[in-house]
Amino acid sequence: MERKQQVLGFAQRKPVGDRQAKHVSGEGKQTDWKPAKESAVEVQNDAATASPHDETERALQLFDMDMAFGPCTGLSRRERWERASRLGLNPPPHVRTLLDSASCREDSVWEGRV
């Protein structure tokens, strides 16, 4: 019985000293983050200068990282898309269109890394 009370007491203890949670926002509180972009103008400029190739590769990377279509190691992007389609996982049709174009890489972002 005493052991059980010790375990329950441990779970109910609050952190003390340096182990207390640090605040990340609010007036007078510590902030540990910085915004990714300084302003909306920079975001718009980046979008305006992005090439179609970058947008294509970004869409394919999102497909690579979406586990809803099964694992992507050991398969090309096209093979993975076709397998997902056969299994009824409804892969995005625009990805198939991008894969049919000659300007994209067949390998996933994980190829050679995992």
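The values are calculated or read from the model by the stated rules, or taken from the named source; none is laboratory data. In this text, all values refer to a predicted model and were calculated from it rather than measured experimentally. For neighbour counting, all protein chains shown are included, and Cβ atoms are generated from backbone atoms with ideal geometry for every residue, glycine included.
Residues that are modelled with pLDDT of 90 or more, exposed (fewer than 12 other Cβ atoms within 10 Å of the Cβ) and on the phi > 0 side of the Ramachandran plot do occur in segment 90-106. Restricting the first member to segment 63-83 and to residues that are within 17 Å of Thr97 (Cβ to Cβ), and the second to residues that are among the polar types (S, T, N, Q), the beta-carbon pairs closer than 6 Å and six or more apart or on different chains are Asp64/Ser108; Arg77/Ser108.
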